[in-house]
């Protein structure tokens, strides 16, 4: 097979696309044997062990109604959380002194080493999210933090959204 996309296949065996190409991981095949934080349930879909992913980890996170996780960070990894169902309240900082909320369709970005806590802001509905991280292995460092009583609410402000967003 010949294709032009900026690299040379000469002298290499043809890729085994059937088994080394696209992978579909069914919802009932997620793996809960991954790094966990008290208060949430993570399940891996994509990682090095499951599909050979070199630079990302993806899976699901659920937090029961009116529950919260323990404080933690993910080391050198960047994380992106997409809220599928429910309302997420995030707290972050050395004393979890900042807070923001996200709802269905919203994305949350967590930079490396940022202490944070996920909270289900609903007393009746399970919070369901999709999570992606910037490495094929899961890293969760659980922390013992005494949080401030009243965190400061933070709106996202950037050049595209100069008046903030929720």
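Rule-based calculations on the coordinates, nothing more; no lab input. Nothing here was measured: the structure is a model prediction, and the numbers come from that model. Ideal geometry is used to build each Cβ from the backbone, glycine not excepted, and the neighbour counts take in all protein chains shown.
With springs only between Cα atoms under 10 Å apart, run a GNM on the chain and tell me which of 115, 15, 151 wobbles the most.
Looking only at 115, 15, 151, the biggest GNM fluctuation is shown by 15.
For region 20-166, what is the percent of antiparallel DSSP beta bridges, rounded to the nearest 5?
Just about 95 percent of them are antiparallel.
Looking only at 55, 68, 18, which one moves most when the chain is put into a Gaussian network model with springs between Cα atoms under 10 Å?
18
Go ahead and estimate [θ] at 222 nm for the chain from helices alone: -39,500 (n - 2.57) per DSSP H run with n ≥ 4, summed, over the residue count, rounded to 500. Spell out each step's value before the answer.
On the way: 2 runs with 8 residues, N = 166.
The per-residue figure over the chain is -500 deg cm²/dmol.
Rank the residues 56, 96 as a footprinting-exposure proxy: fewest other Cβ atoms within 10 Å of their Cβ go first.
Going from sparsest to densest Cβ surroundings: 56, 96.
Counting other beta carbons within 10 Å of each residue's own, what order do 66, 144 fall into, fewest first?
Fewest-to-most Cβ neighbours within 10 Å comes out as 144, 66.
Report D for the chain in µm² per second (integer): Stokes-Einstein, Kirkwood Rh on Cα pairs, 20 °C, 1.002 mPa s.
Stokes-Einstein gives a translational diffusion coefficient of 121 µm²/s.
Can you tell which of 14, 45, 71 shows the greatest fluctuation in a Gaussian network model of the chain with Cα springs below 10 Å?
Of the options given, 14 has the highest mean-square fluctuation.
Counting other beta carbons within 10 Å of each residue's own, what order do 19, 73, 64 fall into, fewest first?
19, 64, 73
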